[in-house]
Amino acid sequence: MKRRLRTNLILLTVAALLGAAVYAELLREDAMADPLTSLDIDAVRTLTVTCNACKPRRFEKDGAHWRMLEPYAQPADDRAVARLLAIARAPVRLRHPPGELDAKKIGLDPPQATLQLDGTVLKFGMTAAIDGDRYADVGGVIALVPDRFSVLLFGSPENELAKPPPVAKE
């Protein structure tokens with residue numbers, strides 16, 4: 001029993017250390033002072049998402065809530081739209097000046113996905129081979145950002161619709 005207990009304690013300690021390291025890395029990324037854009041995401045009124053392999057989605061803010069206009073004309077889930085808006089504030093690991101990278105080689109010509117917030121267009125390409133960061137083009141400047149949002153860009157429109165309230169059973 002002592003050997004099993006010791007092994008379990010060692011495994012628990014290793015798992016806790018790995019969890020702490022992941023948490024520290026997420027805090028470090030969030031503390032990066034350089035966001036992808038300087039947009040005030042609370043002021044954004046229209047949002048459009050397009051990608052190569054999905055249906056285009058268009059949203060508009062109607063008062064305090066968001067409404068999907070394409071492909072369905074229905075109320076949108078405000079939290080799902082807020083996650084899309086948060087992409088504009090993603091922390092940047094590295095910026096490349098215009099013309100330094102070949103846009104075709106990194107999937108930005110044509111872009112794999114675009115996110116348009118009012119008049120600002122964010123283009124997204126492939127992920128970097130070494131660290132998995134995604135290439136993003138904002139106004140000709142190419143940035144590498146941690147890719148924690150691809151599932152949002154390439155997702156299904158149904159994921160962003162407002163859920164109807166549950167029906168009470170009698």
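Just check the chain against the gyration tensor rule for me: Cα atoms, a ≥ b ≥ c as the square roots of the eigenvalues, rounded for a/c under 1.5, and otherwise prolate or oblate depending on whether a/b exceeds b/c. Mind showing how you got there, number by number?
Details: a/c = 2.24, a/b = 1.24, b/c = 1.81.
Oblate.
Got a sec? How would Ser150, Ser156 order by Cβ neighbour count within 10 Å, fewest to most?
Values: Ser150 16, Ser156 10.
So the residues, fewest neighbours to most, are Ser156, Ser150.
Please give the charge dipole size of the chain, origin at the Cα centre, charges +1 on K and R Cβ atoms and -1 on D and E Cβ atoms. Round to the nearest 20 debye.
900
What translational diffusion coefficient, in µm²/s and rounded to a whole number, does the Stokes-Einstein relation yield for the range 22-107 at 37 °C and a viscosity of 0.692 mPa s, taking the hydrodynamic radius as the Kirkwood radius over Cα pairs? Intermediate values should be presented prior to the final figure.
Details: Rh = 15.3 Å.
Translational D for this selection: 214 µm²/s.
Sorting Tyr135, Tyr72 on the 10 Å Cβ count, fewest up front, what's the list?
Values: Tyr135 24, Tyr72 15.
Taking fewest neighbouring Cβ atoms as first place, the list is Tyr72, Tyr135.
If contacts are Cα pairs under 8 angstrom and at least 6 residues apart, what is the relative contact order of the chain in percent?
Numbers: 261 pairs, mean separation 37.9, N = 170.
Once divided by the residue count of the chain, the mean separation gives 22 percent.
When a/c is below 1.5 the answer is rounded, else prolate if a/b is larger than b/c, else oblate, so apply that to the range 64-131 with a ≥ b ≥ c taken from the square roots of the Cα gyration tensor eigenvalues.
Numbers: a/c = 2.58, a/b = 2.06, b/c = 1.25.
Because a/c hits 1.5 or more and a/b exceeds b/c, the range 64-131 counts as prolate.
I need Val44, Val14, Val49 ordered by Cβ neighbour count within 10 Å, fewest first.
Placing the least packed residue first, the sequence is Val14, Val44, Val49.
Among Ala82, Gln116, Pro56, pick out the residue whose Cα is farthest towards the positive end of the charge dipole of the range 34-160, where Lys and Arg carry +1 and Asp and Glu carry -1 on C-beta, about the Cα centre.
After comparing all options, I get Pro56.
Throughout, read-outs are computed from the coordinates displayed, never taken from laboratory work. Keep in mind the model is a prediction, meaning the values are calculated, not measured. Note that each Cβ is placed from the backbone with ideal geometry, even for glycine, and that neighbours are counted across all protein chains shown.
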